Every structure is written in C-alpha cells, then in structure tokens.
Amino acid sequence: MPLLLRDAPRPEDEAEVRRIVTATGFFHDFEIEVAAELVRERLEKGLASGYRFLFADQGETVLGYACYGEIACTIGSFDLYWIAVDPAAQGQGLGHALMAGVEAEVRALSGRAIYAETSSKPQYHPTRAFYEKFGFTAVATLPDFYAPGDHKIIYSRLVG
C-alpha cells in the first residue's frame, strides 16, 4: 500500500499518537500524555492551538507523525515538538518523509528555521543522529535540564 501524508488530525489520532509514542519505549507516561493532549487541543481549537501535524498513513494505519508549530514572538521560527515512527515501521524512510514534509510546510508558511530538542542520554543517540543526518546542527546544550546528568540539546536547521 502507498504511504499517504496528511495534515488534518482525526479524533482517532489521539489514540494512534499515544500508541506510537508508547511503542518507542523512550518516553515517560507524562510525556505520552502530552503528545496525545496536543492532538486533542488541535482537534478542539484548530490552527488557533498553534499545533500543526503531519501523519504518515498506510491504509488505515498511522505509522508515524510529526507535530510542529510557529514559536510565539518570533518571525519564521518553528519548533518541531514531536516526530515519531512506530518501531515496527522504522528503517523504511518514514522519518525522512515526515521531516521533509514538515520542512516543506514550514517553507510554505514563510518559515526560516526549525528547532528541535532532545536528551543527551545514550538512548537518544539515534534521535540526535537522525537530526544531524537531516542537516540539523546542535546549537545549544542546557546542562542538567531534564534531570541531573540529562542535558537538553537544541538543534536548528535553516529552511527559508
């Protein structure tokens, strides 16, 4: 089946996002709830929520998603809040397709830069490698941000 990228969230996407983020094994319960909450907020408030989505569907199955939005009080800066692919579908280029889609959407919205953050913990090495492979550069490290010894690494990529 072909891969379809769509930007309009559906009510069932809240459960799909929760399933995907849980399946990665990277996130705490409270982080999983935040991921689902962002879908709910977008469904309730539309684009006024500030959250934009891109879903990678194959048939009726959501294989991955990205959530991003313009950063308040900036001109053309966007945060990539989440990008996740079901572990059973990883290694097939879905993350790349989602990132390319987000980048295209940001450009279409006159965006000039995308920012992403992640943990310095060893388990997040694949996440950091993904960002770097896609042309992101680590621009800042906030020591002990998430917890003692768990630094926040901020990545940036110019797109405009």
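Here are some notes:
- Strands (runs of 3 or more DSSP E) wholly inside segment 41-120 that include at least 2 residues being free of Cβ contacts under 8 Å to residues at least 60 places away in the same chain and small (Gly, Ala, Ser): 61-70, 113-119
- Filtered residue count, segment 18-29, keeping only those that are modelled with pLDDT of 95 or more, out of contact with any strand residue (DSSP E or B) (no Cβ under 6 Å at 6 or more places or on another chain) and of a type outside the set (D, E, K, R): 2
- Index of the failed condition, PHE26 passing every other in (1) in a strand (DSSP E or B); (2) in contact (Cβ under 8 Å) with a residue 40 or more places away in the chain; (3) under 15 Å from the mean Cα position of the chain (by Cα): (1)
- Exclusive hit being part of a helix (DSSP H, G or I), under 24 Å from ALA97 (Cα atoms) and not β-branched (Val, Ile, Thr), set ALA36, ALA8: ALA36
- Flag for LEU109 being closer than 27 Å to ALA15 by Cβ and hydrophobic (A, V, I, L, M, F, W, C): no
- Subset of segment 122-154 (residues that are more than 16 Å from the chain's Cα centre (by Cα) and surrounded by 13 or more Cβ atoms within 10 Å (Cβ to Cβ)): ALA138, PHE145, TYR146, ASP150, HIS151
The values are calculated or read from the model by the stated rules, or taken from the named source; none is laboratory data. It should be emphasised that the depicted structure is a prediction, and the values quoted were computed from it without experimental measurement. Quick reminder, even Gly has a Cβ in these numbers, built from the backbone with ideal geometry, and neighbours come from all protein chains shown.
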